[in-house]
Amino acid sequence: MYTTILMLHSWLRWVALLAGVAATIAALRDNTAPPAASRADRWGLILMITLDIQLLLGLLMYLALSPMMTAIRENFGAAMKDPAARFWAVEHITMMMGAVIITHVGRLIARKSASGDSRKMTLIICFGIATALMFLGIPWPGMRAGRALFRLP
């Protein structure tokens, strides 16, 4: 089960990154009035749904399935001295949770915006920050906790 969840989580990151970049670009190009459904709204919804699924899969691994996280939780103090373990225990989850929260808050604030300009700026900032956090929180190959770009079963 762990391997399946890990593979889904790994592959779904590409959908999340694509949605983050697309939502940010769509927000930059958006010139519709606040009540209208725009490309930025649609891409933002895809981003939010994808991040929510990523969060659920990640928490399932973090709290229950990952043998690495079980070892880290058993000796958290020692894990903080190891850069790779610290990345998984603190940095990865913090940046990804930040991306989820900023995406949700940004969409909510943008929906309540009175003007198109404030809505557009809110979406640009929130989607841009969320996308940047995702890029920073991914364990790219060559990093201290790097992983393969594409996990295969």
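Values quoted throughout were computed directly from the atomic coordinates according to the rules given, and no laboratory measurement underlies them. These numbers were taken from a predicted model, which means no experiment stands behind them. Here the Cβ is made from the backbone with ideal geometry for all residues, glycine too, and neighbour counts use every protein chain on show.
Which of the helices in the chain, when you take each full DSSP H run, stretch at least 30 Å along the axis at their Cα atoms and have an average Kyte-Doolittle score of -0.5 or higher? Don't jump to the answer; show the numbers that get you there.
Details: long enough: 2-29 (40 Å, 1.22); 39-60 (31 Å, 1.17); 116-137 (31 Å, 1.14).
The answer, listed by residue number, is 2-29, 39-60, 116-137.
Label points 7 Å out from Cα along the Cβ direction at ARG144 and THR4: separation in nm?
The answer from the label model is 3.5 nm.
Could you work out how far apart the two model spin labels at SER118 and GLU91 are, taking each label as a point 7 Å from the Cα in the direction of the beta carbon, and quote it in nm?
Label at SER118, label at GLU91, 3.8 nm between them.
For Cα pairs less than 8 Å apart in space and 6+ apart in sequence, what is the mean separation divided by the residue count of region 66-153, i.e. the relative contact order in percent?
29
Rounded to the nearest 500, what is the 222 nm mean residue ellipticity of the chain from helices alone, with -39500 (n - 2.57) per DSSP H run of 4+ residues and division by all residues?
Estimated from H runs of four or more residues: -24000 deg cm²/dmol.
In debye, nearest 20, what is the charge dipole magnitude of region 26-133 about its Cα centre with +1 on Lys and Arg Cβ and -1 on Asp and Glu Cβ, if you could check? The partial results should precede the final answer.
Numbers: 11 positive and 7 negative charges, 70 e Å.
Roughly 340 debye for region 26-133.
Give the Debye-formula value of log10 I(q)/I(0) at each listed q (0.20 Å⁻¹), with one equal scatterer per alpha carbon of region 2-137, two decimals each.
-1.04
Under 15 Å from the Cβ of ALA22, count the other residues' Cβ atoms, weight Lys and Arg +1, Asp and Glu -1, and hand me the total.
Net charge in that neighbourhood comes out at +3.
Mean separation of Cα pairs under 8 Å and 6+ residues apart, divided by the residue count of the chain: what relative contact order is that in percent? Don't skip to the end; give the middle numbers.
Numbers: 176 pairs, mean separation 49.1, N = 153.
In percent, rounded to a whole number, it is 32.
Among THR122, THR70, THR24, whose mean-square fluctuation peaks in a Gaussian network model of the chain (Cα, cutoff 10 Å)?
Most flexible of the set in this elastic network: THR70.
Net charge within 15 Å of ALA85 by Cβ-Cβ distance, Lys/Arg positive one each and Asp/Glu negative one each, not counting ALA85 itself?
+2
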